[in-house]
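Peer 1: Below you will find the structure I want to go over with you.
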Amino acid sequence: MTNIRSFSTKPSVFDDYQAELLVNSPGRINLIGEHTDYNEGFAMPTAIDKQISFKFRINETENFCRIYSDTFNNGFEFHLDQPLKKQSDWRDYLLGIIHELQQKNKLLEGFDCMISSDLPTGAGISSSAALECGFCAGLNELFALNLSDIEIAKISQCAENEFVGSNCGIMDQFASVLSKKDHFIKLDCRSLATEYIPADLGNFELLLLNTRVSHNLADSDYNSRREECEAAIRIIQLKNPQIKSLRDVDFDLLESYRSELSEITYQRCLYVLQENERVQAAADALRNNDLRALGKLMYASHRGLQCQYEVSCQELDFLVNFAEEKEFIYGSRMMGGGFGGCTINLINSEDVESYITEISEAYFERFKIYPEAIKVAPSAGTEIIKLVSHE
């Protein structure tokens with residue numbers, strides 16, 4: 001008998017639901033620095049003004065929990081004192097958090113939680129991290145677990161790595177929790193040192209174009225890219241035991257191992273080294289208000305992801321190629337794990353609406369589906385609002 005029981009009809013307990021805690025957990029974008037986080041490199045994420053909302057309350061039981069998603073129109077219930085089994089859907093991100101908290105001997109009690117979202121799923125804006133981090137932050141507040149923001153991000157990453165089975169780095173969770181409004185984060189994914197850089201885009205803004213495709217390669221190839229990078233490190237470590245990750249490898253050292261690596265593995269590693277340099281250069285461009293330089297780095301990032309790291313797809317390439325012909329778009333690149341999801345575009349505000357019309361028609365003509373246009377702005381991380389005090 002399974003501990004997880006699903007339901008597709010909203011339980012009456014969620015009618016006239018009086019929550020005691022509201023948590024708003026944002027999705028994230030990454031301006032530049034893709035597939036660098038699990039290689040202990042640099043990235044430049046920020047939370048966005050679209051989010052998942054959680055309404056929590058303690059339900060006065062010892063271990064009975066109910067969760068309902070208004071977005072998916074279904075939910076599930078379980079007991080904290082019984083084993084949690086993987087469900088292979090959105091519930092795993094939440095069950096993974098419960099599992100990690102129990103592993104850390106954090107004491108939970110029965111609770112109810114209602115979830116709603118305006119985050120598109122499968123768009124590469126990290127709805128999974130928003131789900132994990134918001135849920136973890138809510139339980140932390142509800143049960144006074146005394147977790148820091150960094151601990152919430154790490155627990156959420158661990159849940160995705162160990163319970164869900166996606167071997168992601170820390171970037172998504174970090175950005176979802178610790179972002180600052182109107183800033184990008186230059187994030188050192190090894191030390192978690194941060195520099196908050198003002199997102200002064202002048203008369204430009206960020207437009208996401210969701211391909212509305214998700215190729216089945218995404219999860220398996222994401223993990224295999226990480227394995228390829230780690231395999232290269234093991235070869236380099238044989239004579240250089242001080243090397244712990246690609247973060248420790250420079251261009252000369254990588255070049256000296258070119259004959260010992262397959263050409264594919266060499267290109268994977270070269271991309272990561274080049275992308276780390278692009279993040280540093282992008283930080284300089286932002287500080288200097290040089291949006292043209294920033295845009296060129298975005299295009300270069302996409303070409304690396306397309307040709308060296310090989311995580312793009314024809315739909316993403318079409319959107320970037322189309323953007324590159326437009327003077328009012330300074331930069332465009334695929335964003336996220338790849339094989340679908342979004343492009344992120346640095347576009348003149350005056351041209352946004354007309355461009356959405358133009359690219360939608362061109363994309364439909366080519367692929368017979370319309371892309372989803374999503375305007376985003378750099379926003380703050382997880383927000384917790386106490387609605388009532390629990391007596």
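The values are calculated or read from the model by the stated rules, or taken from the named source; none is laboratory data. A quick note: this is a predicted structure, and the numbers were derived from the prediction, not measured. Ideal geometry is used to build each Cβ from the backbone, glycine not excepted, and the neighbour counts take in all protein chains shown. In case anyone asks, the SASA skips ligands and DNA or RNA and just uses the protein heavy atoms, side chains included. Shrake-Rupley method; radii C 1.70, N 1.55, O 1.52, S 1.80 Å.
Peer 1: Compute log10 of I(q)/I(0) for segment 1-119 with the Debye formula, placing one identical point scatterer on every Cα and leaving out solvent, at q = 0.10, 0.14, 0.24 Å⁻¹, to two decimals.
Peer 2: -0.38, -0.71, -1.44
Peer 1: Sorting check: for 9-15, 223-229, which peptide has the highest mean count of neighbouring beta carbons within 10 Å, and how do the rest follow? Show your work: numbers first, answer last.
Peer 2: Working: 9-15: 11.7, 223-229: 16.7.
Answer by packing, highest mean first, reads 223-229, 9-15.
Peer 1: Sticking with this structure for a sec: With springs connecting C-alpha atoms under 10 Å apart, model the chain as a Gaussian network and identify which of ILE359, ILE235, ILE97 has the largest mean-square fluctuation.
Peer 2: Residue with maximal mean-square fluctuation among ILE359, ILE235, ILE97: ILE235.
Peer 1: Please list the three semi-axes, largest first and in whole Å, of the ellipsoid equivalent to segment 286-391, using sqrt of 5 times the eigenvalues of its alpha carbon gyration tensor.
Peer 2: Whole-Å semi-axes of the equivalent ellipsoid: 29, 19, 17.
Peer 1: Could you sort the peptides 260-268, 64-72 by per-residue average Cβ neighbour count (10 Å cutoff), highest mean leading?
Peer 2: On the way: 260-268: 15.7, 64-72: 18.2.
Going by the mean number of other Cβ atoms within 10 Å, highest first, we get 64-72, 260-268.
Peer 1: Kindly express, to the nearest 10 degrees and within the range 0 to 90, the angle between helix 149-158's C-alpha long axis and the longest C-alpha principal axis of the chain.
Peer 2: Taking Cα atoms only, the helix is inclined about 80 degrees.
Peer 1: If only Cα atoms are counted, what is the Rg of segment 222-342, and what is its Dmax, in Å?
Peer 2: Computed over the Cα atoms of segment 222-342, radius of gyration and Dmax are 15.8, 49 Å.
Peer 1: Which three extents, in whole angstrom, do the alpha-carbon atoms of segment 285-348 cover along their principal axes, largest first?
Peer 2: 32, 21, 17
Peer 1: For the chain, compute Rg over Rh where Rg is the Cα radius of gyration and Rh is the Kirkwood radius from the inverse mean 1/r over Cα pairs. Could you put the intermediate results ahead of the total?
Peer 2: Numbers: Rg = 21.5 Å, Rh = 21.8 Å.
Ratio of gyration radius to Kirkwood radius for the chain: 0.99.
Peer 1: Over the Cα atoms of segment 131-172, what radius of gyration and what Dmax do you get, in Å?
Peer 2: Both quantities, over Cα of segment 131-172: 10.2, 29 Å.
Peer 1: Hey, another quick one. Which residue, chosen from ALA144, GLY134, THR343, occupies the Cα position most advanced towards the positive end of the dipole of the chain, where the dipole is computed from +1 (Lys, Arg) and -1 (Asp, Glu) charges on Cβ about the Cα centre?
Peer 2: Highest projection toward the positive end goes to ALA144.
Peer 1: Can you give me the orientation-averaged projected area of the convex hull built on the Cα atoms of segment 139-227, in nm²? Let's see the in-between values first.
Peer 2: Numbers: hull surface 33.8 nm².
If you wrap the Cα atoms of segment 139-227 in a convex hull and average its projections, you get 8.5 nm².
Peer 1: Let me check I have the definition right: for segment 74-226, take the eigenvalues of the Cα gyration tensor, multiply each by 5, take square roots. What are those semi-axes in whole Å, largest first?
Peer 2: On the way: eigenvalues 148, 80, 50 Å².
Largest first, segment 74-226 gives 27, 20, 16 Å.
Peer 1: In nm, give the distance between the simple-model label positions of GLU162 and GLN242, each being 7 Å from the Cα along the Cα-to-Cβ direction.
Peer 2: 3.3
Peer 1: Relative contact order for the chain: what percent, with Cα pairs under 8 Å and sequence separation of 6 or more?
Peer 2: Numbers: 821 pairs, mean separation 95.4, N = 391.
Computed over the chain, the figure is 24 percent.
Peer 1: OK, next. Measure up LYS86/LYS154; LYS186/LYS296; LYS180/LYS326; LYS86/LYS186 against 24 Å on the Cα-Cα distance and list the ones that go over.
Peer 2: Checking Cα-Cα distances, LYS180/LYS326; LYS86/LYS186 exceed 24 Å.
Peer 1: So, one more: Just the Kirkwood number for segment 72-127, please: inverse of mean 1/r across all distinct Cα pairs, in Å, one decimal.
Peer 2: With all distinct Cα pairs of segment 72-127 included, I get 13.1 Å.
Peer 1: Let me check I've understood the local charge: for PHE64, count other residues with C-beta under 12 angstrom from its C-beta, Lys and Arg +1, Asp and Glu -1. What total comes out?
Peer 2: Combined, the nearby Lys, Arg, Asp and Glu give -4.
Peer 1: Let me ask something else about it. So how long is each side of segment 234-281 along the principal axes, counting just the alpha-carbon atoms, biggest first, in Å?
Peer 2: Principal extents (largest minus smallest coordinate, Cα): 32, 24, 15 Å.
Peer 1: Excluding GLY33 itself, what net charge comes from residues whose Cβ is under 9 Å from its Cβ, given Lys and Arg +1 and Asp and Glu -1?
Peer 2: -1
Peer 1: Moving on to the next point. Could you tell me the calculated FRET efficiency between LYS386 and ARG190, based on Cβ-Cβ distance and R0 = 45 angstrom, to the nearest 0.05? Provide the component values of the computation, followed by the final result.
Peer 2: Values: r = 35 Å, r/R0 = 0.78.
So, using R0 = 45 Å, E works out to roughly 0.80.
Peer 1: Highest mean first, how do 151-158, 276-283, 40-47 rank when packing is the count of other Cβ atoms within 10 Å averaged over residues?
Peer 2: 40-47, 151-158, 276-283
Peer 1: Here is a further query. For ARG258, what accessible surface area do you get with a 1.4 Å probe? Give it in Å², rounded to 10.
Peer 2: Ignoring ligands and nucleic acids, ARG258 comes out at about 90 Å².
Peer 1: Same structure again: Considering the convex hull of the alpha carbon atoms of segment 31-72, report its projected area averaged over all viewing directions, in nm², one decimal. Could the numbers behind the result be given before it?
Peer 2: Numbers: hull surface 23.5 nm².
The number I arrive at for segment 31-72 is 5.9 nm².
Peer 1: Could you please report the charge total around TYR309, scoring K, R as +1 and D, E as -1 over all other residues with beta-carbon less than 14 angstrom from its beta-carbon?
Peer 2: Net of charged neighbours comes to -3.
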